[in-house]
Structure formats: structure tokens, C-alpha cells
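The values are calculated or read from the model by the stated rules, or taken from the named source; none is laboratory data. Just so it is clear, the structure is predicted and the values come from calculations on it, not from any experiment. Every residue, glycine among them, receives a Cβ derived from its backbone with ideal geometry; neighbour counts consider all protein chains shown. Remember, those area values only see protein heavy atoms, side chains included, never the ligands or the DNA or RNA. Shrake-Rupley method; radii C 1.70, N 1.55, O 1.52, S 1.80 Å.
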Amino acid sequence: MLRIGICDDSADARVALRAALERALERRRGDGGTFFEFSSGEGLLRWLEKHAGELDLVFLDIEMGELDGMETARRLREADEGLLLVFVTGYTDYVFDGYSVGALGYLMKPPKPEQLDGVLDRAAEARLREGAAAFICRNGETLYRIPKKTILYFASDRRQVTCVSTARTYVFYGKLDDVERDVGDGFIRVHQRYLVRAAAVDRMEGSQVFVGGEALPVSRACRSAALAALARTALED
């Protein structure tokens, strides 16, 4: 299920696009979507500060108030490289500007059904390709998409796992063993309760490893393997 943001300063335009997208998702036979609406680029950016990783696809109107769609897109791209962006506008002047922020598509208002179908197809393909670059987890009804390169470490406490990234902290239920399997190479188990991203490690001293300004414990059982993995990472850099 795609989590879709619609950012347009016209309420009528937001309603119309959402209805068109809902019809497009119905045509995909089983695909659904969760929608979030924003009346300004500023509002979208403020929301994303507290909800990083909670959107997959954003439709942006270019002609908005103080912060237009193109500048909003640039700031969104800085905050989340993996966020899929689509421009929707009544003008053709900006069509080539969209490539500078890696836009998935550029649609003229009102978008045609086949155009929306094409955008959703490309979005689904992009999400499949991203599988190796992002860690996906869920807390209740909320699904998080966390770029692996932003993750500092995972910490577990019984059945609760905390993921600390450069953007925010995520909490979900699971087992650290399962997380270690899912994230794959590039992550090192330094303790029964801690899994760190090797490239995020600043240094290792004695029985501690320093990640993002924090000191995490290194257990005796994990020390040799952790040292070897960190050495390999240092040689690869």
C-alpha cells in the first residue's frame, strides 16, 4: 500500500487529484493507498520533520504561495533521497526543472487516467528496486521506510527494537536477530542488544564502540567479529 502525499494550495485540486488516484488504485486490482493532504510546501516540510519515512510518493503543485513546488521538492530531496516526487501543474514551463530533483513524473492538470497509471507503475517499480537500500518496519498501522545509509544503530529491549537514524528514532516490535538478517551486509552485531552500521562507527575503544556521538557496549562474545568487520569496512572506504 502506497502512502501518498498531495500538496496543493487549492482544496478543490487536492480533492480532485485524490479521487483520480483512488480510481487509479482501484484499477490496479487490490492496490490501495493512504493519503495525506497538505495546503502548502511549508506545512508538508514541517510534518515530515516529525514523520520521516512515512511517505512513499508526493504529488506537488508547482504554483504555490511563498514556497513553490520546485523549492519544496529540493528541500524534500535533501531530507529524504528515496521519496518519490511527481509534479502536477497547469503550465509546461517547469517540465525540465523536474529532472534536477529526480522527479518520477510531470503531469498536466487535470492528469489523464493513463498518466496516473504510468506514475503508479513507476512508483511500484521504484519501491521494488529500493528494497536493498531501505529497511522497512511497522509500528501498529504505521509503516516506516528507512534508508539504510541513514541508520546509526539498532537497540533491542525484550521484544521492542529502537532504530536510531540521522533523521529520527523509530520504535517497533521485533527481534534483533530478524533485523540483522533483514538489513544484510554492512551491519555489525556488537552486543546481544546492539546492531550497528559499520560505516557509522567513529571508533572502537576497549569494550565500547562510538556511533553518532554515543558509546555503545561491545560484548566479549562479539568483540573479535566486530573488530574484523570494522577492519574490513575501513579497508573498503
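A few notes on this one:
- Figure legend. Inter-residue proximity from region 1-23: first residues farther than 11 Å from PHE36 by Cα, second residues assigned to a helix (DSSP H, G or I) and open to solvent by 20 Å² or more (accessible area, probe 1.4 Å), beta-carbon distance below 7 Å, spacing 6+ or different chains. Indicated pairs: ASP8/ARG14.
- Subset tally (residues that are touching a residue at least 60 places away in the same chain (Cβ under 8 Å), farther than 21 Å from LEU57 by Cα and open to solvent by less than 20 Å² (accessible area, probe 1.4 Å)) for region 134-154: 1
- Residue list for region 193-221, restricted to those being in contact with a helix residue (DSSP H, G or I) (Cβ under 8 Å, 6 or more places away or on another chain), open to solvent by 50 Å² or more (accessible area, probe 1.4 Å) and more than 20 Å from THR150 (Cβ to Cβ): ARG193, SER207
- Evaluation of LYS148 against the conditions (1) modelled with pLDDT under 85; (2) within 30 Å of VAL211 (Cα to Cα) shows that the sole unmet condition is (1).
- Residue check for ASP61: farther than 22 Å from ILE146 by Cβ, open to solvent by 10 Å² or more (accessible area, probe 1.4 Å) and without any contact (Cβ under 8 Å) to a residue 60 or more places away in the chain: no
Results for (1) among the polar types (S, T, N, Q); (2) open to solvent by 90 Å² or more (accessible area, probe 1.4 Å); (3) at pLDDT 90 or above, shown as yes or no for each residue.
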{"position": "ALA123", "(1), (2), (3)": "no, no, no"}
{"position": "ALA167", "(1), (2), (3)": "no, no, no"}
{"position": "LYS175", "(1), (2), (3)": "no, yes, yes"}
{"position": "ARG189", "(1), (2), (3)": "no, no, yes"}
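- Among the residues here, VAL190 does not qualify as aliphatic (A, V, I, L, M) and more than 17 Å from ALA225 (Cα to Cα).
- Residue check, LEU55 in a loop (DSSP other than H, G, I, E, B), touching a Leu at 6+ places or on another chain (Cβ under 9 Å) and closer than 16 Å to THR89 by Cβ: no
- Residue match in region 133-146 (condition: farther than 26 Å from LYS50 by Cβ and among the hydroxyl-bearing types (Ser, Thr, Tyr)): no
- Residue among VAL15, VAL88 that is over 19 Å from ARG145 (Cα atoms), modelled with pLDDT under 95 and either more than 18 Å from the chain's Cα centre (by Cα) or acidic (Asp, Glu) (or both): VAL88
- Test: residue in region 189-205 that is touching a Pro at 6+ places or on another chain (Cβ under 6 Å) and either touching a residue at least 24 places away in the same chain (Cβ under 8 Å) or assigned to a strand (DSSP E or B) (or both): yes
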